[in-house]
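Take a look at the structure below.
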Amino acid sequence: MSVGPAGAVSPGERLGLSPPDKLAKSAREFEAILLEEWLEKMNQSFVGPEASQDPAHDTISSLGSQAIATALAARGGIGIASMILRQLGRRSTPESKTDDPAPVNQAVATRR
């Protein structure tokens, strides 16, 4: 467990999450934030000028967008979190690199 400058422990460590779990949680949270922004913009495009001047409407709309975005991301969302995890997973595992042309060259050589 790592302790910060003031003796603080990171939130992931307090929850007992391993690094892959922290990464997955962060990817889902990122997707939720992105979805929330998109939902807010979409909602603003449908609302008339009267409703956009009402602070209560703005607060309720924001809370609703946040709840929908969080629920969507928790259930897989639109795939952004999984793409992030897949891309970061490729960088962390050296055996997943496809830069080596040898297997392709061997397959072509065996056909001849």
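List, please: which pairs have Cβ atoms under 9 Å, are six or more places apart or on different chains, and start with a residue in region 54-83 that is more than 18 Å from residue 44 (Cβ to Cβ) and end with one that is at pLDDT 90 or above and of a type in the set (S, T, N, Q)?
If the second residue must be at pLDDT 90 or above and of a type in the set (S, T, N, Q), the pairs left are 76/82; 81/26.
Among 39, 34, which is over 15 Å from residue 86 (Cα atoms), within 14 Å of the chain's Cα centre (by Cα) and at pLDDT 90 or above?
34
Going through region 34-89 one residue at a time, which ones are surrounded by fewer than 16 Cβ atoms within 10 Å (Cβ to Cβ) and not in a helix (DSSP H, G or I)?
47, 48, 53, 54, 75, 76, 78, 79
Which residue out of 65, 10, 82, 26 is at pLDDT below 90 and small (Gly, Ala, Ser)?
Of 65, 10, 82, 26, the one residue that is at pLDDT below 90 and small (Gly, Ala, Ser) is 10.
The values are calculated or read from the model by the stated rules, or taken from the named source; none is laboratory data. Only a predicted model underlies this, so the values are computations on that prediction, with no experimental measurement involved. Every residue, glycine among them, receives a Cβ derived from its backbone with ideal geometry; neighbour counts consider all protein chains shown.
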